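Read the structure below first, then the notes.
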Amino acid sequence: MNIFWKLVLIAAAGALGTLARYGLGNLVQRTMNSVFPYGTLAVNLAGTFLCGFIWVLCERKLQLNGTFRIIVLLGFTGGFTTFSTFMLETGIMIQDSEWLRAGGNLILQNAFGMAALFAGIILGRLV
């Protein structure tokens, strides 16, 4: 498959993931009728579950090629939620007994992510 069609398929899968995120997030949030972000929680948990499930299917059960993995894992689940990729990468580090890297990833992603959020908020208020 040439790079053009690979990019088209990744983009299409990403668009489907984005629509699925919007649909599931809104459905759960309306159903729960709460100010707590249950919709986001449901999307992150569902995306992480899907990412792990698809990874194992590709890796061990169906032995699907790298292109399929990229389209589904990067495209669909990436469009659905990048949290799933973060969890998959950290989970692989833990599985490989790379405890320091996994812990560092958890701490850095969360701490710097929160810092980046507030830096953006502060900059946005200054503009």
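Every number here is computed from the coordinates shown, using simple stated rules; none is lab data. Since the structure is predicted, the reported quantities are computational estimates derived from the model, not experimental observations. No Cβ is skipped: glycine too gets one built from the backbone with ideal geometry, and neighbour counts run over all protein chains shown.
Label segment 3-81 by shape, choosing from rounded, prolate and oblate, from the square roots a ≥ b ≥ c of the eigenvalues of the Cα gyration tensor; if a/c is under 1.5 it is rounded, and otherwise prolate applies when a/b is larger than b/c, oblate when it is not. Before the final figure, lay out each step's value.
Details: a/c = 4.14, a/b = 1.77, b/c = 2.33.
Judged from the Cα gyration tensor, segment 3-81 comes out oblate (a/c at least 1.5, b/c at or above a/b).
Converting phi to 3J(HN,Hα) with the Karplus coefficients 6.51, -1.76 and 1.60 and the offset θ = phi - 60°, segment 41-54 yields 4, 4, 5, 5, 5, 5, x, 5, 4, 4, 4, x, 4, 5 Hz in sequence order, with x at every glycine or proline. Using only the alpha-carbon atoms, how far is helix 83-95 inclined from the longest principal axis of the chain? Give it as 0 to 90 degrees, nearest 10. With rounding to tens, the tilt is 60 degrees. Among Ala111, Ala12, Ala46, the residue with the largest mean-square fluctuation in a Gaussian network model of the chain, with springs joining Cα atoms closer than 10 Å, is Ala111. Mean sequence separation of contacting Cα pairs (under 8 Å, at least six apart), scaled by the length of segment 3-81, corresponds to a relative contact order of 54 percent. Taking the chain as a Gaussian network of alpha-carbon nodes connected by springs under 10 Å, the highest mean-square fluctuation of the residues Arg69, Arg21, Arg60 belongs to Arg60.
Once fully extended, how much extra length lies between Ile94 and Leu62, figured as 0.36 nm per residue of separation less the alpha-carbon to alpha-carbon distance?
On the way: separation 32, 0.36 × 32 = 11.52 nm, distance 2.34 nm.
Roughly 9.2 nm would be gained on extension.
Hey, quick one: spin label on Leu123, modelled 7 Å out along Cα-Cβ, who in segment 74-117 has an amide N within reach, i.e. under 12 Å? Only 116-117 pass the distance filter. For the pair Val35 and Leu19, the difference between a 0.36 nm per residue extended length and the Cα-Cα distance amounts to 3.6 nm. Counting only alpha carbon atoms, the long axis of helix 3-32 and the longest principal axis of the chain meet at about 50°.
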